[in-house]
Amino acid sequence: MKGLNLLGLAQRAGKVVSGQFACEQAMRRGQAHLILLATDAAPNTREKFIGLCKRKGIPYLSWNLKGEMGFIIGKPQRAVVAIIDENFATALAQAIGGTSMA
C-alpha cells in the first residue's frame with residue numbers, strides 16, 4: 001500500500017515519466033533512478049528495458065499490472081514507469097521490497 005501512495009505522490013510532484021518512449025529517453029539522458037516494469041508487460045518490452053537497465057546501471061523492479069500502474073499515476077495502462085528523483089526512487093524501492101540491480 002505504501003508503494004502505491006509513494007508512486008502517486010511522485011507523479012503529483014512531477015518526478016515520474018511513463019510510457020516506453022519517454023522512459024527510454026529518460027534512461028538515455030541519465031535522468032532515471034528506478035524503472036518499474038509491469039508484471040504483465042510484453043516479453044519484448046521486458047527484455048528491452050531490462051537490457052537497458054543493465055547497460056546503464058539503473059535498478060529496476062517488476063511490480064504491479066499495467067492497468068494498475070496507469071491508474072495510480074492517473075493515466076491509461078503503463079508497462080514502464082521511470083522515477084526521475086533519487087529520493088523517491090530509494091523510498092519506492094524500499095516500500096516495494098528491494099531492487100533488481102543491473
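Taking the convex hull of the alpha carbon positions in the chain and averaging its projected area over all directions gives 5.3 nm². Per residue of the chain, the DSSP helices (runs of n ≥ 4 H) give a summed -39500 (n - 2.57) that works out to -15000 deg cm²/dmol at 222 nm. Residues whose amide H comes within less than 5 Å of that of Ser62, counting only those at least five positions distant or on another chain, are Leu37 (H built at 1.01 Å from N in the peptide plane).
For the options Arg55, Arg46, Arg78, a Gaussian network treatment of the chain with springs between C-alpha atoms closer than 10 Å singles out Arg55 as fluctuating the most.
Total lysine pairs in the chain at Cα distances under 17 Å, for residues eight or more apart or on different chains: 5. Backbone geometry of segment 14-30 corresponds, through the Karplus equation with coefficients 6.51, -1.76 and 1.60 at θ = phi - 60°, to 3J(HN,Hα) couplings of x, 10, 10, 10, 10, x, 4, 5, 5, 5, 4, 5, 4, 5, 5, 7, x Hz, x marking Gly and Pro.
Quick note: the coordinates plus some simple rules give every number you see, no bench work behind them. Predicted model only: the values in this text are computed from it and were never measured.
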